[in-house]
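Down below is the structure, laid out as C-alpha coordinates.
The values are calculated or read from the model by the stated rules, or taken from the named source; none is laboratory data. Since the structure is predicted, the reported quantities are computational estimates derived from the model, not experimental observations. Quick reminder, even Gly has a Cβ in these numbers, built from the backbone with ideal geometry, and neighbours come from all protein chains shown.
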Amino acid sequence: MTIQTSLFEPRDATSLDSSAFWIEATLFGPLALTLSASAVAFFGMGMLTGRLSLRQGGGVVLGVFVLLGAPAIAASLMGAISAPEAVVAPREPDTVYPPRGPLERNEDDPYAGASVKPK
(Lines give C-alpha, C1' and ligand atoms only; values in the text may rest on other atoms or scores of the structure.)
Protein backbone atom coordinates (compact mmCIF):
# COMPACT_ATOMS: atom_id res chain seq x y z
CA MET A 1 0.00 0.00 0.00
CA THR A 2 1.37 3.40 -1.00
CA ILE A 3 0.72 6.59 0.88
CA GLN A 4 -0.21 9.65 -1.13
CA THR A 5 1.83 12.65 0.02
CA SER A 6 -0.61 15.28 -1.21
CA LEU A 7 -4.22 15.33 -2.30
CA PHE A 8 -3.38 17.71 -5.15
CA GLU A 9 -0.83 15.45 -6.86
CA PRO A 10 -2.27 12.76 -9.11
CA ARG A 11 -1.65 9.17 -8.12
CA ASP A 12 -0.71 8.03 -11.57
CA ALA A 13 0.53 10.62 -14.06
CA THR A 14 0.40 8.15 -16.93
CA SER A 15 -3.38 7.88 -16.69
CA LEU A 16 -3.65 11.65 -17.17
CA ASP A 17 -1.26 11.50 -20.10
CA SER A 18 -3.16 8.69 -21.76
CA SER A 19 -6.50 10.46 -21.29
CA ALA A 20 -5.05 13.67 -22.76
CA PHE A 21 -3.76 11.74 -25.77
CA TRP A 22 -7.17 10.09 -26.19
CA ILE A 23 -8.91 13.48 -26.16
CA GLU A 24 -6.39 14.82 -28.68
CA ALA A 25 -6.89 11.82 -30.96
CA THR A 26 -10.65 12.27 -30.73
CA LEU A 27 -10.51 16.00 -31.47
CA PHE A 28 -8.13 15.71 -34.41
CA GLY A 29 -8.97 12.24 -35.69
CA PRO A 30 -11.55 10.77 -38.04
CA LEU A 31 -14.45 11.93 -35.88
CA ALA A 32 -13.37 15.56 -36.26
CA LEU A 33 -12.93 15.14 -40.01
CA THR A 34 -16.41 13.64 -40.33
CA LEU A 35 -18.05 16.36 -38.26
CA SER A 36 -16.15 19.09 -40.11
CA ALA A 37 -17.15 17.78 -43.53
CA SER A 38 -20.75 17.46 -42.39
CA ALA A 39 -20.75 21.01 -41.00
CA VAL A 40 -19.29 22.48 -44.18
CA ALA A 41 -21.81 20.54 -46.30
CA PHE A 42 -24.73 21.59 -44.08
CA PHE A 43 -23.74 25.26 -44.06
CA GLY A 44 -22.99 25.14 -47.79
CA MET A 45 -26.49 23.89 -48.53
CA GLY A 46 -27.90 26.57 -46.23
CA MET A 47 -25.96 29.23 -48.08
CA LEU A 48 -27.09 27.89 -51.47
CA THR A 49 -30.73 28.03 -50.45
CA GLY A 50 -30.30 31.53 -49.02
CA ARG A 51 -31.03 30.64 -45.40
CA LEU A 52 -27.54 31.42 -44.12
CA SER A 53 -25.37 34.44 -44.75
CA LEU A 54 -21.92 34.43 -46.23
CA ARG A 55 -20.53 35.58 -42.89
CA GLN A 56 -21.85 32.50 -41.08
CA GLY A 57 -20.51 30.19 -43.79
CA GLY A 58 -17.12 31.88 -43.67
CA GLY A 59 -17.07 31.48 -39.91
CA VAL A 60 -17.69 27.75 -40.24
CA VAL A 61 -14.94 27.34 -42.82
CA LEU A 62 -12.53 29.39 -40.71
CA GLY A 63 -13.42 27.35 -37.61
CA VAL A 64 -12.80 24.08 -39.43
CA PHE A 65 -9.47 25.44 -40.69
CA VAL A 66 -8.39 26.43 -37.19
CA LEU A 67 -9.61 23.17 -35.64
CA LEU A 68 -7.92 20.86 -38.11
CA GLY A 69 -4.85 23.05 -38.53
CA ALA A 70 -4.25 23.66 -34.82
CA PRO A 71 -1.38 21.15 -34.43
CA ALA A 72 0.46 22.53 -37.45
CA ILE A 73 -0.20 26.14 -36.41
CA ALA A 74 1.05 25.49 -32.87
CA ALA A 75 4.14 23.66 -34.12
CA SER A 76 5.04 26.47 -36.50
CA LEU A 77 4.56 29.10 -33.79
CA MET A 78 6.68 27.15 -31.33
CA GLY A 79 9.34 26.61 -33.98
CA ALA A 80 9.40 30.32 -34.80
CA ILE A 81 9.85 31.21 -31.15
CA SER A 82 12.55 28.69 -30.26
CA ALA A 83 14.50 28.45 -33.53
CA PRO A 84 17.58 30.63 -33.78
CA GLU A 85 17.87 32.79 -36.84
CA ALA A 86 20.00 31.18 -39.51
CA VAL A 87 22.60 33.37 -41.14
CA VAL A 88 23.02 32.60 -44.82
CA ALA A 89 26.03 33.94 -46.65
CA PRO A 90 25.30 35.58 -50.00
CA ARG A 91 26.25 33.44 -52.97
CA GLU A 92 28.34 34.66 -55.85
CA PRO A 93 26.65 34.45 -59.26
CA ASP A 94 27.72 31.50 -61.41
CA THR A 95 28.27 33.48 -64.61
CA VAL A 96 28.61 37.15 -65.29
CA TYR A 97 27.16 38.25 -68.62
CA PRO A 98 28.39 41.38 -70.39
CA PRO A 99 25.83 44.11 -71.07
CA ARG A 100 23.79 43.62 -74.20
CA GLY A 101 24.26 45.96 -77.13
CA PRO A 102 21.51 47.99 -78.79
CA LEU A 103 18.63 46.12 -80.39
CA GLU A 104 18.07 46.21 -84.14
CA ARG A 105 14.83 47.63 -85.43
CA ASN A 106 12.51 45.13 -87.11
CA GLU A 107 10.23 46.75 -89.66
CA ASP A 108 7.82 43.78 -89.78
CA ASP A 109 6.92 43.91 -86.08
CA PRO A 110 4.34 46.63 -85.29
CA TYR A 111 5.01 46.39 -81.52
CA ALA A 112 8.81 46.79 -81.68
CA GLY A 113 8.60 50.58 -81.66
CA ALA A 114 7.83 50.60 -77.95
CA SER A 115 11.02 48.78 -76.98
CA VAL A 116 13.57 49.87 -79.59
CA LYS A 117 15.06 53.34 -79.85
CA PRO A 118 14.46 55.03 -83.22
CA LYS A 119 17.46 55.50 -85.55
- Restricting attention to segment 23-37, which residues are in a helix (DSSP H, G or I) and without any contact (Cβ under 8 Å) to a residue 40 or more places away in the chain? 23, 24, 25, 26, 30, 31, 32, 33, 34, 35, 36, 37
- Task: Scan 40, 66 and give me the residue that is aliphatic (A, V, I, L, M) and either surrounded by 13 or more Cβ atoms within 10 Å (Cβ to Cβ) or at pLDDT 90 or above (or both).
- Result: 40
